[in-house]
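Notes follow the structure.
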Amino acid sequence: MAIVNLTPDSFAFTSARQSVAELLQEVDKALTDGATIIDLGACSTRPGASGVSADDEWRRLEPALAAIRERFPDAVLSIDTYRACVAREAIERYGANIINDISGGEMDSDMFATIAELGRPYVLTHMRGTPATMAQMTGYQDMMQQIVDYFQRKIDVLHRLGVKDIILDPGFGFAKTTEQNYELLREMHVLQVFGLPVLAGISRKSMLCRPLDTTPQSDSALTATIAANTMALEQGAAILRVHDVKAAKDTITIFNSSQL
């Protein structure tokens, strides 16, 4: 899953990207490098981020969706949004394939019903609070058990609504300290109990940068991402959400070769 950020406050936002043509070049490279899913985000969800309005989110997202759909009609597009209205517009107008909701339906009570109605795969993420508050919500008695309980509750609700195509994202960096993120990376295999695909979104995150005293843009952050993604694959991850598609594709190839 290739990350394509449309938010100017993201470290991965390409400041030189001034045109739709440059956006299409970015998507083309991701697909050429081996991405099977393009994940478009137009509202920042990094820790401490303040939200934008639904209108502003859609204003950023729609031109990108329109251009990508015209140029790459068969591309599998994931929409990184916690708003049901944005999810609906992306699906109904542009045939978006997946909704990637970092809030697990907590930030918009209409999201689960919308997914059930429109019948798209749904990425269910573990998070507490909101992007603005989650850094203060890292207190757990038994983090892994509480994550399992959280997913069980949410999956039960989705199943009652008729949603079957669910992907689990344990939420690296979301309401978790650096130490808790590494605990999650070591114990992620417990999520296999649900029999659902698990997505690992670790790419260039602060949990990798802090031990190395580096920045997300650095070569060291990429090296750390490759190492962490290898561990995630060992723990059963089915999808890697990444900024660097070629490196992730190579990581998967070598990992799969080691399993023969």
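Numerical summary
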read-out	value
Fluctuation leader among SER103, SER78, SER53 - the chain, Gaussian network, Cα springs under 10 angstrom	SER53
Cross-link reach list, lysines versus LYS246, counting only Cα pairs under 25 Å and skipping chain neighbours closer than eight places	LYS29, LYS205
Stokes-Einstein D for the stretch 79-148, Kirkwood Rh over Cα pairs, 37 °C, 0.692 mPa s (µm²/s)	253 µm²/s
Relative contact order of the chain, pairs being alpha-carbon contacts under 8 Å that are 6 or more residues apart, as %	17 percent
Whole-number D in µm²/s for the stretch 126-260 (Stokes-Einstein; Kirkwood sum over Cα pairs; 10 °C, 1.306 mPa s)	101 µm²/s
The stretch 196-260 - charge dipole about Cα centre, Lys and Arg +1 at Cβ, Asp and Glu -1, debye rounded to 20	180 debye
FRET efficiency for GLU106 and SER258, using Cβ-Cβ distance with R0 set to 45 Å, rounded to 0.05	0.75
Volume in Å³ per residue [convex hull over Cα atoms, computed for the stretch 21-101]	97 Å³
Where only C-alpha atoms are counted, convex hull volume of the stretch 190-235 per residue in Å³	69 Å³
The stretch 104-196: equivalent-ellipsoid semi-axes (sqrt of 5 x gyration tensor eigenvalues, Cα, Å)	24, 16, 10
Estimated 222 nm signal from helices in the chain, with DSSP H stretches of n ≥ 4 weighted -39500 (n - 2.57), rounded to 500	-14000 deg cm²/dmol
Normalised contact order of the stretch 158-204, rounded percent, pairs of Cα under 8 Å and 6 or more residues apart	52 percent
Translational diffusion coefficient (Stokes-Einstein; Kirkwood radius from C-alpha pairs) of the stretch 56-107 at 25 °C, 0.890 mPa s, in µm²/s	220 µm²/s
Partner lysines for LYS164 [C-alpha distance under 22 Å; skip if fewer than 8 residues away on the same chain]	LYS154
Percent of C-alpha pairs per 10 Å bin, the stretch 33-153, short to long	13, 42, 32, 12, 1
Reciprocal mean inverse distance between Cα atoms of the chain - Kirkwood radius, Å	18.6 Å
Where the stretch 125-260 is the region considered: accessible area per residue in Å², 1.4 Å probe	48 Å²
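The values are calculated or read from the model by the stated rules, or taken from the named source; none is laboratory data. On a predicted model such as this, the values are computed, not experimentally measured, just so you know. Cβ atoms come from the backbone with ideal geometry, glycine included; neighbour counts cover every protein chain shown. Note: areas computed on protein heavy atoms with side chains; ligands, DNA, RNA excluded. Shrake-Rupley method; radii C 1.70, N 1.55, O 1.52, S 1.80 Å.
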